[in-house]
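These notes concern the structure reproduced below.
Read-outs: derived from the displayed coordinates by stated rules, not from any lab. Just so it is clear, the model here is predicted, and its values are computed rather than measured. Heads up, the Cβs are rebuilt from the backbone with ideal geometry, glycines too, and the neighbour counts pull from every protein chain shown.
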Amino acid sequence: MSPTLRFRTFVGLIFVAFFFTWMVLVVLPWSELGHLAPIQDESGGTNITPFDKPNEAHAGEQVYAANGCVYCHTQQVRAATSGADIVRGWGTANDEDGKPITRRSYPRDYIWNHQVFLGNSRSGADLTNVAQRYPDANGLYRYLYAPSLTDTHSSMPAYRFLFVTRKIHGQPSQDALVLSGADAPPVGYEIVPTSEAKALVAYLLSLKNDYHLPDEKGPVAPPAAKS
């Protein structure tokens, strides 16, 4: 076999390998999952499941991506046979009767996401249902500003650059952080979130899969203690 023919054969094999991989990893999953639609309320109402995020939450996706949150946090609750996510209570939801259960994540959970941050490292807790654990915006602001104030064992870095210290004019802001000791601002000043912090928190508050998907099948269990 001539060198030219061997080279063409080599290039052809690379193309076949790439094409086969692309078909298996991209085309086939997209053909099965790329057209999932929300589920219409069986009563004929206007409610659909899951629901889309508000615009500010979609803006928060960009802040989440820009700050590398995906490197330490996942957004996928694995099945009970694949890990301890269910036991940790990361999949809290309600069944069709409104009773609390825990469930795994399903492809339909992500249909409204502009970006899907499944992640592959759990240096921090899974965020699939973080709004169940931290339903209050001010609590999330405080956690972002100084994680150790909420969790002394947290390894998460402080995102203080997402906040500004400003002089109080008139009434203090409702979003002002309540801090004490060395973390408190000088007298007459307040620490408030920037627009980026507000967008990020809006995004985190949208991460709450507390609904039942009637056409999805999988193991469910009573909710475990939150972690």
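Annotations for the structure displayed:
- The range 115-164 pair-distance distribution - Cα-Cα, 5 Å bins, rounded %: 5, 18, 24, 27, 21, 5, 0
- Normalised by 2.2 N^0.38 Å, where N is the number of residues, the C-alpha radius of gyration of the chain stands at 1.31.
- Taking 0.36 nm per residue of separation and subtracting the Cα-Cα distance, full extension of the segment from Q171 to V16 would add 49.1 nm.
- Within the chain, longest stretch clear of exposed GluC sites (Glu not before Pro) (DSSP loop, no more than 15 other Cβ within 10 Å): 97-215
- When the Gaussian network model of the chain links Cα atoms closer than 10 Å, the mean-square fluctuations of L118, L205, L25 top out at L25.
- Candidates S121, S31, S195, ranked by Gaussian network fluctuation over the chain, Cα under 10 Å, top entry: S31
- The amide H of I39, built 1.01 Å from its N in the peptide plane, has T49 as neighbours under 5 Å, considering only residues 5 or more places off or on other chains.
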